[in-house]
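The values are calculated or read from the model by the stated rules, or taken from the named source; none is laboratory data. On a predicted model such as this, the values are computed, not experimentally measured, just so you know. As a convention, Cβ positions derive from the backbone with ideal geometry for all residues, glycine included, and neighbour counts pool all protein chains shown.
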Amino acid sequence: YPVAIDSGTPPVTSTATVRIDTFDPTETAVCITYSLLESGFQAKQAAIETALAETIQFKYATCRCATWKYTAQSSEVVACHYCVQNNATDAASGMSLVKDFVPQSDLLTFWRLNTDGTPTAMLQTAAFSSATVVKVEG
């Protein structure tokens, strides 16, 4: 267990339980190319992740999407995202539960029209108007 100790008077000690989840990006991550500067991606990252989650909530009602990593090149950002199927493990009460990730195959079905990376209509809505999706890859 991690322990934190302060240098105050009286000293206070706290403990915490930390959960570390791992995932195989080849089974869970999808990389999306956005027509966007890095600063724009950083400013819109939370909104993009929310918009991505909203596209799959018809199947995963309490899902959450996040960015695993991203790279920026001139006016494009390639961001690799993963999604968790539900929020059951978000609270301490769910500590013993397995974190279920949305399979990459589902994300590609919902977000990629064909193998050349053309995004589906789900990624061309008003929610993505300020972060235009150019390509979707597994």
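Observations
- Candidate set from region 1-40 (those that are modelled with pLDDT of 95 or more and of a type in the set (G, A, S)); member that is nearest to the chain's Cα centre (by Cα): A29
- In region 112-125, the residues that are in contact with a Phe, Trp or Tyr (Cβ under 9 Å, 6 or more places away or on another chain), in contact (Cβ under 8 Å) with a residue 24 or more places away in the chain and more than 17 Å from A46 (Cα to Cα): P119, M122
- For the residues T132, T109, T62, T55, the requirement of being surrounded by fewer than 17 Cβ atoms within 10 Å (Cβ to Cβ), of a type in the set (V, I, T) and in contact (Cβ under 8 Å) with a residue 60 or more places away in the chain singles out T132.
- So S96, is it out of contact with any Asp or Glu (no Cβ under 8 Å at 6 or more places or on another chain), under 22 Å from A46 (Cβ atoms), part of a loop (DSSP other than H, G, I, E, B) and among the hydroxyl-bearing types (S, T, Y): no
- The criterion of at least 1 residues that are closer than 27 Å to S105 by Cβ is met, among strands (runs of 3 or more DSSP E) falling completely within region 1-54, by 30-35.
- Filtered residue count, region 87-103, keeping only those that are surrounded by 12 or more Cβ atoms within 10 Å (Cβ to Cβ) and either touching a residue at least 24 places away in the same chain (Cβ under 8 Å) or more than 12 Å from R19 (Cα to Cα) (or both): 9
- Only one entry of T71, T67 meets the criterion of being surrounded by 13 or more Cβ atoms within 10 Å (Cβ to Cβ), under 13 Å from T33 (Cα atoms) and free of Cβ contacts under 8 Å to residues at least 24 places away in the same chain, and that entry is T67.
- Unique match (being closer than 19 Å to K135 by Cα, modelled with pLDDT of 95 or more, acidic (D, E) and not in a helix (DSSP H, G or I)) among D106, D116: D116
- Among (1) part of a strand (DSSP E or B); (2) touching a residue at least 60 places away in the same chain (Cβ under 8 Å) - the single one H81 does not satisfy: (2)
- Residue tally, condition closer than 13 Å to V78 by Cα and out of contact with any strand residue (DSSP E or B) (no Cβ under 8 Å at 6 or more places or on another chain), over region 41-60: 1
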